Structures are given as C-alpha cells and as structure tokens.
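The values are calculated or read from the model by the stated rules, or taken from the named source; none is laboratory data. Here the structure is a predicted model, which is why all the values come from computation and not from measurement. As a convention, Cβ positions derive from the backbone with ideal geometry for all residues, glycine included, and neighbour counts pool all protein chains shown. The protein model used for the area step is the full one, side chains on, heavy atoms only, and it has no ligands, DNA or RNA in it. Shrake-Rupley method; radii C 1.70, N 1.55, O 1.52, S 1.80 Å.
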Amino acid sequence: MRGCILVLDAQDLRVRMASAAAPALLGYRQAELASLTLHDLVPALSAPAWQRRARRMAARAAVATGFRRRVRRRNGSEFPAEIRLQLAGADGTLFASIDPPFGNRDARPYEAALLRSVINTAPDAILTIDVKGRVGTFSPAAERMFGYAASEVTGRNVNMLMPEPYRSQHDGYLARYLTTGEKRIIGIGRTVTARHKDGHTFPIELAVGEVRVADSHMFTGFIRDISERVAAHERGVKLQQELSHVGRLSAMGEVASMIVHELNQPLTAIANFGEAARRLIESGGDPARAASFMEKAVAQAHRASEMIRRLRSFVSRGPTEREPIAVNEVVRDAARLALIGAADQQIHTRFELAEGLPEVTADRIQVQQVVVNLIRNGIDAMIEAGAGAGTGGEEPPLVVATGRAPDGAILVSVTDSGPGIAPEIAGGLFTPFVTTKPTGMGIGLSISRSIIEAHGGRIWCEPRPEGGTRFTFTLPLAAYGAGP
Ligand code: ADP
C-alpha cells in the first residue's frame with residue numbers, strides 16, 4: 001500500500017490538497033477529503049494536540065516531526081501508520097505524510113526527502129533558530145562556511161556566528177521583533193557580516209524567513225558567503241585606479257622626454273642672461289640693464305620649475321576625484337603643458353573658449369590628460385604635414401575650442417591642419433596599441449576614450465574639409481558614475 005501526502009492548514013489542520021494516492025489509502029474520494037481535518041483521519045491528533053507539538057518544535061527550531069498513530073479510513077477501519085508533519089512555509093502550510101509501516105520506502109514523503117536534500121546539499125548555508133535565538137538546524141554548508149560542526153552550534157545562541165556589535169545586539173532585535181513586530185531583516189534580506197569559528201569575519205547575504213505556528217515562531221536563515229564577490233569588486237576598483245595611473249605614467253613618458261629636451265631652453269637662457277649681466281656689471285655698464293637681464297633669468301628659472309611642477313601634478317596618483325571644474329581653466333592648463341616647445345616648431349595655437357560655461361563634475365587631472373593627448377596628437381600631425389621651423393610664413397593654427405552641445409553638455413575640440421587620420425588605422429583609432437608613430441605607444445586615444453566614457457561623455461573625430469582633423473569630446477553637466 002502506498003503512502004500519501006496531505007497539504008494542511010497549519011492552524012486548524014484542515015485538508016487543502018491530497019496526493020493522488022490518498023483516495024486509495026484512506027477510502028475517501030478526492031472531493032470528500034477537502035471537507036476533513038487531520039483529526040478526522042488521525043483521531044489521536046486534534047488541533048490543540050498539534051499546537052502543543054508545534055510549540056515544542058518551535059522551541060527546538062525544528063521544522064518537522066514524526067510519530068506513529070492509527071489512521072481511520074472512511075469505512076471506520078484503522079491501520080497503523082508513520083505520520084510525518086512538516087512546516088513548509090511562512091504562510092502556515094503543513095505537509096503531512098501518511099505511510100503504512102510496510103509501505104514502499106520510495107513512497108516516503110517526497111517533500112520531507114526534498115527538504116532534507118535541500119538542507120544537505122544547498123550551497124547556501126541554512127539554519128533555523130527559535131524565538132530565543134537558539135540554533136536548531138545547522139546545514140552542512142553552514143558547517144563549511146562557519147567552521148563549526150552542527151553539534152557545536154545547535155542549542156546555542158545564533159549570535160556566536162556574528163561579530164560585535166551585532167553579537168550583543170541580536171537578542172535585543174529578536175525580542176523587539178517579537179513584541180513590536182518591527183522587522184529589521186525578516187523577509188528583506190541584507191548584506192551583513194558573519195564571524196567564522198577562527199575569528200575572522202566575512203560578508204554574507206542573509207535572507208530570513210519566519211515560520212509561525214499557533215503562538216510560536218521560528219526563523220529560517222539562508223546565508224550566502226559573498227567574500228568572493230566583494231573581493232572581486234574591490235579588485236576591479238583597484239585595477240581601475242591603477243589603470244588610470246598607468247595611463248598618466250605613459251602619457252608622462254612622452255611629456256617627460258619633451259620636458260627634458262625643453263628644460264634645456266630655460267637653462268640655456270638663464271646661463272646666457274646671467275653671463276650678459278655679469279659682463280655688463282664687470283664693464284661698468286648700465287646697472288638697470290643688468291637688473292633686467294637678471295629679471296629675465298629669474299623668469300626663466302620659474303618657467304623651468306613650473307614645467308616640473310606640472311609634470312609632477314600630472315602623474316600624481318590618487319583615486320579619481322570628481323569635483324566641479326571650470327572646463328576652460330582645465331583646457332588652458334592642459335594646453336600649457338602640451339604646448340611646451342610648440343612655439344619652437346612654429347605651431348600657432350588659437351583658443352576659442354566659450355564664455356559663461358557652467359561647471360561640470362569631473363576628475364580635473366583626467367580631463368587635463370585627455371586634452372594634453374589631443375593637443376600632442378594635433379601637434380605631431382602638423383609637424384608631420386610639414387608645419388615647422390624654416391617653412392616660413394604664417395602656419396595655419398591649431399585650434400582649441402570649448403562650447404555647448406545641443407543637449408547642454410560641454411564640448412571640447414582640438415582641430416589641427418595635419419594630414420588627417422591614416423586610412424589604415426581609421427577603424428581602430430581608439431583601440432590600444434594602434435599607432436603610426438615610430439615611437440608611439442598607441443594608447444593615448446584609448447585612455448582618452450575610457451576617461452571620457454567614464455564621465456558619461458563621448459569622444460569622436462572627423463576630418464576637416466580643408467584638411468586636418470578635429471577631435472571632439474563632451475562632458476555631460478550632471479555627475480555621472482560619480483560616487484554618492
Ligand atoms: P600614439 O600617439 O602613441 O600613436 P594615440 O592613441 O594618441 O597613440 O593615437 C593613435 C594614432 O592615431 C596615432 O599614431 C596617429 O596615427 C593617429 N592620430 C591621432 N591623432 C591624430 C591627428 N590629430 N591627426 C592624424 N592622426 C592622428
């Protein structure tokens with residue numbers, strides 16, 4: 001004879017559903033079963049008897065109970081059976097399985113077996129506690145996660161699995177919930193910190209359910225260790241910071257070689273002005289003239305130290321820092337850095353900076369880096385096209401402009417009169433390591449794009465009809481991707 005399963009109301013034991021094997025076992029038709037309570041089938045088990053048992057279960061934080069009782073069929077005949085009752089959910093559902101003692105083992109209650117298998121194999125740790133916070137069930141995954149054997153935890157206060165200050169607060173939470181019904185975590189699920197047997201703490205995602213029987217409660221906890229996820233996130237953030245640092249460093253590599261070269265200029269000038277002043281003084285010349293030479297030497301020394309200061313701030317490391325910035329100011333700073341030596345190459349620069357631009361929230365150093373990259377590329381292109389010392393006449397300028405896009409975003413563009421983008425790389429312009437320059441790294445534009453996109457903007461380039469290229473990027477006014 002096969003056993004059967006009934007789904008009951010946990011309060012009054014009324015039958016809500018019966019498995020297909022129930023009519024054969026109990027002698028009732030399916031439709032008739034729905035008008036019964038478990039008491040009609042198992043006379044020894046009245047609703048009050050069940051509620052007493054449920055309270056005892058709750059005290060042990062158990063979800064299932066089993067016993068042997070006689071079961072009465074419709075025709076009044078009785079048979080002994082193994083009866084197993086199992087709380088199935090917070091909605092007050094009770095599963096009852098009724099198995100004749102010599103019933104087929106395979107017909108044992110599916111739900112009970114399922115629950116056992118879930119508890120034993122779920123990757124998430126599962127535990128139950130009673131109203132006093134004492135642990136009932138402690139699943140194998142919980143043993144692995146917390147380092148305790150179930151026997152070390154069951155019957156003890158669940159707060160042993162928490163670090164301070166939660167450890168001291170937990171009893172209070174539980175008591176407050178039981179008296180006020182104020183839910184801090186039940187049914188919500190939260191990320192909290194757990195404590196391993198060896199004392200280390202780790203982040204977990206905790207979902208708490210509630211099983212309520214008669215006037216007792218117990219709680220089920222599903223716990224997922226999210227250390228990996230948190231660590232991966234932290235690695236990602238760190239990597240990003242490092243990448244932007246690397247970006248600055250490699251851009252610095254280019255800038256540094258220029259600066260080493262360019263520092264010669266002020267140094268030579270300082271030496272020349274100093275020498276001239278010395279001669280004048282020695283020959284009893286006009287002291288005012290000598291003083292003006294000295295003044296020029298001092299100015300050149302300032303210029304040299306300014307170059308070094310800018311280089312240093314350009315690569316100075318730090319997490320990306322968003323703050324309201326005046327784009328024109330950042331563009332001018334960047335241009336000063338990028339244009340070192342451009343005058344020597346007789347490359348003229350024109351600024352067309354729009355007035356009255358609102359500030360945008362952005363990382364000043366990163367935006368500066370993008371502008372430096374674009375201007376350096378423009379200068380390289382114009383030198384390649386033959387602009388430079390000795391060609392004579394007024395060269396067409398490099399234009400650095402700012403303005404507003406139709407959607408209100410800030411626009412920054414750098415327009416050169418170089419040869420245009422080489423067709424063989426046009427498709428991969430913003431991808432790393434694409435370069436046509438013998439000493440180029442091919443990462444300037446790809447870093448520029450990631451910076452601009454991280455700010456919620458766009459960067460693109462277009463050929464100019466009269467020759468040359470215009471690179472433009474946008475910075476939206478609203479902070480984007482910035483931290484809270
Ligand atoms: P790199 O300057 O190290 O080559 P970039 O990412 O800055 O790396 O640029 C990649 C390539 O794009 C350059 O090598 C060059 O061929 C092309 N390019 C960039 N800007 C311009 C420009 N203004 N005019 C023509 N070609 C350009």
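Some points to look at:
- Ranked by the mean number of other Cβ atoms within 10 Å per residue, highest first, peptides 272-284, 406-418 order as 406-418, 272-284.
- The figure for Thr469 is an accessible area of roughly 10 square angstrom, using a 1.4 Å probe on the protein chains alone.
- For region 352-383, the list of GluC sites (Glu not before Pro) that fall in a loop by DSSP and count at most 12 other C-beta atoms within 10 angstrom reads Glu355.
- For Tyr148, nonlocal amide neighbours, meaning residues 5 or more places apart or on other chains whose placed amide H falls under 5 Å from its own, are Lys197.
- Other residues within the sphere of radius under 12 Å centred on the Cβ of Val330, judged by their own Cβ, net out at -2 (K and R +1, D and E -1).
- Among the trypsin sites (Lys or Arg not before Pro) found in region 152-213, those both in a DSSP coil and sparsely packed, with 16 or fewer other Cβ atoms within 10 Å of their Cβ, are Arg156, Lys183, Arg184, Lys197.
- Long-range HN-HN contacts of Tyr28 with modeled amide H, under 5 Å: Arg74
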